[in-house]
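Following: one structure in structure tokens, then a few remarks.
The values are calculated or read from the model by the stated rules, or taken from the named source; none is laboratory data. None of these values were measured; they are calculated from a predicted model. Reconstructed Cβ throughout: ideal geometry from the backbone, glycine too, with neighbour counts over all protein chains shown. Only protein heavy atoms, including side chains, enter the accessible area calculation; ligands, DNA and RNA are left aside. Shrake-Rupley method; radii C 1.70, N 1.55, O 1.52, S 1.80 Å.
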Amino acid sequence: MAGPEQAAPRVERVVVAEDRDGQRLDNFLASRLKGVPKSLIYRICRSGEVRINGGRAKPDQRVAAGDEIRIPPVRVAERGESGPPPATQLERIEAAIIHEDRDFLVIDKPAGVASHGGSGVSFGVIELLRAARPHDTLELVHRLDRDTSGVLVLARKRSALTALQAAIRAGQTEKHYLALLAGTLERSPWRVDAPLRKSVLQGGERMVRVDEEGKPSRSRFIELERLGAASLVEVALDTGRTHQIRVHAQHIGHPLAGDEKYGARGFNKAIRERGLRRLFLHAARFAFELGSRSFHFSAPLAPELAQVVTALQRQPLAMVAEDD
């Protein structure tokens with residue numbers, strides 16, 4: 001005999017509370033639809049099933065206190081479409097935690113792990129940590145590219161999230177990265193003030209370019225060590241645009257090692273021969289103040305990148321012919 005019928009899921013209409021004011025829609029939905037993959041959340045937004053005050057909404061749109069959110073029914077089968085994350089992934093992300101307190105949880109993100117799921121990625125950092133800690137309320141404060149390693153901060157309370165994101169927008173945080181660039185810098189520090197604009201190519205690939213009509217973007221490149229025809233540099237960000245370091249490095253004629261999108265093929269080939277198998281970009285430090293409290297998080301250069309530096313110290317890179 002068939003079991004008892006389950007009631008069909010219904011459309012929900014939820015009013016945004018004060019403590020969710022300013023939150024991204026995709027994160028708001030993730031907090032309501034526990035266990036639903038981000039890919040499904042993006043899909044129901046794109047289809048127009050999610051509405052804010054009766055109008056269509058994009059996943060990155062900010063909700064406001066008092067907004068009415070229409071949330072469509074999500075079938076139980078859909079909720080489990082990706083299954084739980086593999087135990088090995090959960091163990092790896094738990095092992096990457098470098099700090100936690102009442103407000104923040106900080107990890108040294110491994111390269112190859114996305115900050116969040118979507119676009120063909122089932123589980124990013126946020127999905128893995130929510131699965132590992134189902135009773136915690138966790139939100140990404142900021143993001144790192146999938147191929148970038150290093151300090152990634154998550155908030156454990158809504159108040160901490162909004163306070164730190166406000167500090168980021170106001171330019172009141174310090175973010176420093178380590179990168180390996182082609183060539184040697186003509187000056188150090190090298191301040192780059194070049195606006196950036198995002199575009200999407202046919203096929204959905206996201207590209208960023210320097211464009212006078214883009215958003216203000218400022219980086220400072222500081223040479224740490226010359227390694228022949230390559231330079232280990234520290235990059236300090238005054239703004240945090242998508243692909244900012246990679247595009248600014250390309251713009252000044254010193255692209256990042258291992259950058260398949262904005263880099264130089266000849267340089268990348270030479271660095272691969274020294275053992276590099278990924279983008280050489282690492283979020284080394286993130287510091288800020290909130291009220292009377294000071295925070296300073298750091299992560300040492302990823303071992304696979306440190307090995308490349310050691311190899312170049314032993315045998316500096318010879319000049320590389322420019323790409324045709």
Taking all protein chains as present, what is the carbon and sulfur share of the accessible area of region 181-324, in % to the nearest whole number, probe 1.4 Å?
46 percent
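Taking the solvent-accessible surface of protein heavy atoms with a 1.4 Å probe, what is the per residue accessible area of region 225-324 in Å²? Mind dumping the intermediate values first?
Numbers: 4880 Å² over 100 residues.
Value for region 225-324: 49 Å² per residue.
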How big is region 122-213 by Rg and Dmax over its Cα atoms, in Å?
17.3, 52
In nm, give the distance between the simple-model label positions of residue 206 and residue 296, each being 7 Å from the Cα along the Cα-to-Cβ direction.
3.2 nm
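Within 10 Å, at most 14 other Cβ atoms, and a DSSP state outside H, G, I, E, B define an exposed site. Report the longest part of the chain free of exposed GluC sites (Glu not before Pro).
Details: sites that count: 5, 81, 186, 205, 212, 213, 260, 273, 322.
Result for the longest clean stretch: 82-185.
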Work out the length of the dipole vector of the chain about its Cα centre, built from +1 on the beta-carbon of each Lys and Arg and -1 on the beta-carbon of each Asp and Glu, and round it to the nearest 20 debye.
480 debye
Let me check the size of region 193-324 from its C-alpha atoms; what are the radius of gyration and Dmax in Å?
16.3, 54
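DSSP beta bridges in the chain, what fraction antiparallel, as a percent rounded to 5?
Details: 60 of 63 bridges.
Antiparallel bridges: around 95 percent, rounded to the nearest 5.
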I'd like the distance separating the alpha-carbon centroids of region 10-74 and region 186-232, in whole Å.
34 Å
Determine the shape class of region 85-145: with a ≥ b ≥ c the square roots of the Cα gyration tensor eigenvalues, call it rounded for a/c under 1.5, and otherwise prolate if a/b is greater than b/c, oblate otherwise.
rounded
Helix-derived [θ] at 222 nm for the chain: sum -39500 (n - 2.57) over DSSP H runs of at least 4, divide by residue count, nearest 500?
-6500 deg cm²/dmol
In region 42-75, which trypsin sites (Lys or Arg not before Pro) fall in coil by DSSP and have 14 or fewer other Cβ atoms within 10 Å?
75
Among rounded, prolate and oblate, which fits region 256-315 when a ≥ b ≥ c are the square roots of the eigenvalues of its C-alpha gyration tensor, a/c under 1.5 means rounded, and a/b larger than b/c means prolate?
prolate
Expressed in whole Å with the largest first, what are the equivalent ellipsoid semi-axes of the chain derived from the C-alpha gyration tensor as the square root of 5 times each eigenvalue?
38, 21, 20
Students often forget the sequence filter, so: which lysines lie under 19 Å Cα-Cα from residue 261 once same-chain residues fewer than 8 apart are removed?
198, 269
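Would you mind estimating how fast region 210-262 diffuses translationally, via Stokes-Einstein at 10 °C and 1.306 mPa s with the Kirkwood radius over Cα pairs, in µm²/s? Each step should come with its number before you reach the end.
Values: Rh = 12.0 Å.
For these conditions, the coefficient is 133 µm²/s.
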